[in-house]
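Okay, so here's the structure we're looking at.
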Number of protein chains: 2
Amino acid sequence: MLTEKLSAYSEMTDRKLGELLSADVIPPVLAESMAYSVFSGGKRLRPSLCMAACEFCGGTAKDALLPACAIELIHTYSLIHDDLPAMDNDDFRRGKPSNHKAFGEANAILAGDGLQSLAFAVLSECTSHDAGKYIARGAFEMVMGQSMDVSTCGGAEQLTALQDYKTAALFRAAVGAGASCARANGRQIEALLAFASAYGMLFQITDDILDFEGSAETLGKSVGKDAAAGKTTFVTVYGLDGAKTYAQNYAREAKKAIADAGGDPALFLELIDYTLKRRA
Amino acid sequence: MLTEKLSAYSEMTDRKLGELLSADVIPPVLAESMAYSVFSGGKRLRPSLCMAACEFCGGTAKDALLPACAIELIHTYSLIHDDLPAMDNDDFRRGKPSNHKAFGEANAILAGDGLQSLAFAVLSECTSHDAGKYIARGAFEMVMGQSMDVSTCGGAEQLTALQDYKTAALFRAAVGAGASCARANGRQIEALLAFASAYGMLFQITDDILDFEGSAETLGKSVGKDAAAGKTTFVTVYGLDGAKTYAQNYAREAKKAIADAGGDPALFLELIDYTLKRRA
């Protein structure tokens, strides 16, 4: 079920994003640079969570299509800015030159800025006012997490807050906005937000594990890219086995939260298991 | 009247911006870097226009305080990103080190990103849904203008569109959002938007004239900083006298628009004359 559902969500999202980015009025370089990163093979996980949350609460996937696209635009802007030389200085993203390598730094900065503005322009067409609230809060929390990350102000004691802001915040935005579009009740929204918090941590930790294993292999040494860059992750703090235990615990927490949310949890449970076992 | 009114608007804006930026939860570096640029001596022109438009249409200044602050946050983010090495590479802004000089490039990128997110978080608390629409559109148009500016794709024939997006768009956002908060009728909003389009051009052209005169003096030569940087402005295209004529014409257009808008135009008329004659 998971794969079919995610494909359907992903196709809906892609079609709408294509429409949004092809407005005649957008200057060619900006349109190209935004589209380059928006259509670079992302799995549309956040939009899918948004639409799944809407269906979970009795709405249709289409009801949540605008916030779903807005979240993907925000996620994409954050990746473009993360890759910049002054940030992570990554020349590649998903096997392609990163945005600033393809279009230059100035255009990459503007592509990111424009994607964030466009996200809120899209949201302003959404009939659920609360969807905008969840997404604006998530977008700001994400920047708070990035700020903690680059200033490496926190050691282990701030690690959970950092990862929660950096990653889980946008998952909360996704389910909160999706549930709002279904006019869900407060109890269901709370449960979905709890799911998103735990699932977001699970996702981030498995990402760090994959990054560690991948880069340890490539670099032929026992530290990953993050540790080499002085970043604090669950792997650098608790080691590989410790991180895996945390992932298991967050998976359990996410399952409990969704089981308590008063809807059909099947898709979310599958997604949790899939994430726990993912290899790329 | 103008000076008193602008001081009152400016004080209201400053107080609210202070509250918004002092939330405990914001990581210290992010809070400091955002506040550094938000409180760096800006004249709060855009928030003032927002509140003035609201009063013009029968509301109070306070009714438009949230969108007024949101616009200033967006304006500030754009200045931070404009100054970055990959963009205009300006080390100073209003006589102080620019944000990336004070906090480093990574923090400056994040301060800008965070200010944009925060703007929309603030707007999501505003009861006028349309205020968000005007501001999101203005924010996106501003990026379109910046993109045209850095890619210098247009010569003289694109100059008006470029300056309209780069500068007038946020003035339109200001009056559109302000008028929406007063639940203004469509005719009044249209007239205010027409005023903002003309006033925005007037403002940008007088800015270019000041920049030209200032830098021509400093550099001791007959080209300004913009021309030296290969930028296209009304001064580089039409010369100083030509640009002054355009400024006069836009001032006339702005006056006509506001006189047709069915409210007390006194403040706006004073502002137009003030802008036409400004020396800094």
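Ordered by the count of other Cβ atoms within 10 Å of each Cβ, fewest first, B:Ser22, A:Ser180, B:Ser10 give B:Ser22, B:Ser10, A:Ser180.
For the protein assembly as shown, the residue among A:Gly239, B:Leu115, A:Leu65 whose Cα projects farthest onto the positive side of the dipole built from Cβ charges is A:Leu65.
Taking the centroid of alpha carbons for each part, the stretch A:99-143 and the stretch B:18-93 are 18 Å apart.
As a rough footprinting exposure proxy, the listed residues B:Met144, B:Met34 were ranked by other beta carbons within 10 Å of their own, and the order from fewest upward is B:Met144, B:Met34.
Could you tell me which of rounded, prolate or oblate describes the stretch B:1-108, using a ≥ b ≥ c as the square roots of the eigenvalues of the alpha-carbon gyration tensor, with rounded for a/c under 1.5 and, failing that, prolate when a/b is larger than b/c and oblate otherwise? Prolate. Between copies, the label points of B:Gly41, set 7 Å from Cα on the Cα→Cβ line, lie 5.0 nm apart, reported in increasing order to one decimal in nanometres.
Each other copy holds its own label point for B:Lys96; taking that point as 7 Å from Cα along Cα to Cβ, the gaps run 4.0 nm, nearest first. For chain B, the membrane-span-like helix rule (DSSP H, alpha carbon extent of at least 30 Å along the helix axis, mean Kyte-Doolittle at least -1.0) picks out B:129-150, B:186-219, B:234-259; this says nothing about an actual membrane. Would you work out which of A:Pro265, A:Phe212, A:Ser98 lies farthest towards the positive end of the dipole of the protein assembly as shown, given +1 charges on the beta-carbon of Lys and Arg and -1 on that of Asp and Glu, about the Cα centre? The Cα lying farthest towards the positive end belongs to A:Pro265.
Taking Cα centre as origin and charging only the Cβ of basic (Lys, Arg, +1) and acidic (Asp, Glu, -1) residues, the dipole magnitude of the protein assembly as shown rounds to 500 debye.
Quick check on the protein assembly as shown: take the gyration tensor over C-alpha atoms, sort the square-rooted eigenvalues as a ≥ b ≥ c, and tell me if it's rounded (a/c under 1.5), prolate or oblate. Note, shape of the protein assembly as shown comes out prolate. Over all orientations, chain A has a Cα convex hull whose mean projected area works out to 13.6 square nanometres.
Using alpha carbon centroids, what distance separates the stretch A:193-214 and the stretch B:165-210, in Å? Computed from Cα coordinates, the inter-centre distance equals 45 Å. Rounded to the nearest 20 debye, the dipole magnitude of chain A is 440 debye, with +1 charges on Lys and Arg beta carbons, -1 on Asp and Glu beta carbons, and the Cα centre as origin.
Amide H contacts of A:Ala86 (H built 1.01 Å from N, in plane; Pro and chain starts excluded): no residue 5 or more places away or on another chain comes under 5 Å.
Just so you know, all these numbers are worked out from the coordinates, no wet-lab data involved. These figures come from a predicted structure and were not determined experimentally. Using ideal geometry, Cβ is built from the backbone for each residue, glycine included, and neighbour counts are taken over all protein chains shown.
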